[in-house]
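What follows draws every value from the coordinates through simple rules; no lab data is involved. Note that this is a predicted model, so its numbers are computed, not measured. Quick reminder, even Gly has a Cβ in these numbers, built from the backbone with ideal geometry, and neighbours come from all protein chains shown.
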Ligand code: SAH
Ligand code: DHB
Ligand code: MG
């Protein structure tokens, strides 16, 4: 049992519960056409983000790492008509592809794509008084995930949810000898979450079309 099985089960689940959808399919196709890396969340994972945002009743969403806007579309669909999603992307070319994908999905009025390294954009958002956010999805450069988490936590309210992607990285998370900066950052994220009295959290391992990885899911209590 391995990757082939995980992919088959993802296809089975997606076929029934996240069936083909013109806007999402077009976003994947246009991203591939433009040469973007195919590292977007899988359809069942996108569906999970959508469900979590709906369970929260999110009206404001912050996303780190837009890529071609695939996860953005899933999340923005969870919002009410007057909801807003801000998504941060460092790469201007990726952001242009995302803008087209988001507009094609009919979400251009709901989604604000902000181009630039997220840490720089956060200073601008701070000056604008952005937030609070009901839901945050952290999926950009993994080394900065702890900083993004702490920024989002300060701009959350009780009941807000913060999700971080790629925290398990094929099991590297549990290897203290691993010196890869992104793995060390994911360990620092876990230590920060553990030490933070304002959140209740877990990390859930996942397998699927994208291999073996996982999400940290945190509920802001206070
Ligand atoms: N959330 C997307 C996938 C994001 S991939 C989806 O599931 O559909 C990670 C993205 O983070 C890439 O597009 C990359 O360009 C972007 N990124 C990398 N470093 C960044 C930074 N410092 N600030 C903002 N975005 C960054
Ligand atoms: C990579 C980034 C991601 O967000 C992801 O989900 C998978 C892979 C990457 O940078 O390789
Ligand atoms: Mg990811």
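What number, in percent, do you get for the relative contact order of region 111-222 if the mean sequence gap of Cα pairs under 8 Å and at least 6 apart is divided by its residue count?
28 percent
Only bridges whose two residues both fall in the chain count here: according to DSSP, what percent of them are antiparallel, nearest 5?
45 percent
Determine, from the Cβ-Cβ distance of residue 195 and residue 174 and an R0 of 25 Å, the FRET efficiency 1/(1 + (r/R0)^6), rounded to the nearest 0.05.
Rounded to the nearest 0.05, the efficiency is 0.85.
Neighbouring Cβ atoms within 10 Å as the yardstick, rank 210, 182 fewest first.
In increasing order of surrounding Cβ atoms, one gets 182, 210.
Where Rh is the Kirkwood radius over the Cα pairs of the chain, the temperature 25 °C and the viscosity 0.890 mPa s, what D in µm²/s does Stokes-Einstein return?
For the chosen part, D equals 140 µm²/s.
Express the relative contact order of region 1-72 as a whole percentage, based on alpha carbon pairs under 8 Å and six or more residues apart in sequence.
Worked out over region 1-72, it gives 39 percent.
What FRET efficiency do you get for residue 22 and residue 112 if R0 is 25 Å and r is their Cβ-Cβ distance, rounded to the nearest 0.05?
0.60
Between residue 150 and residue 38, what length comes free when the chain is fully extended (0.36 nm per residue of separation minus the Cα-Cα distance, one decimal in nm)?
This chain segment gains 37.5 nm when fully extended.
Relative contact order for the chain: what is it in percent, counting Cα pairs under 8 Å that are at least 6 residues apart?
19 percent.
Taking Cα centroids, how far is region 16-45 from region 174-197 in Å?
So the two Cα centres are separated by 30 Å.
With each label point set 7 Å from Cα along the Cα-Cβ vector, what nm distance links residue 56 and residue 104?
Placing both labels 7 Å along Cα→Cβ, they lie 2.7 nm apart.
With 10 angstrom as the radius, rank 190, 20 by how many other C-beta atoms surround their C-beta, starting from the fewest.
Placing the least packed residue first, the sequence is 20, 190.
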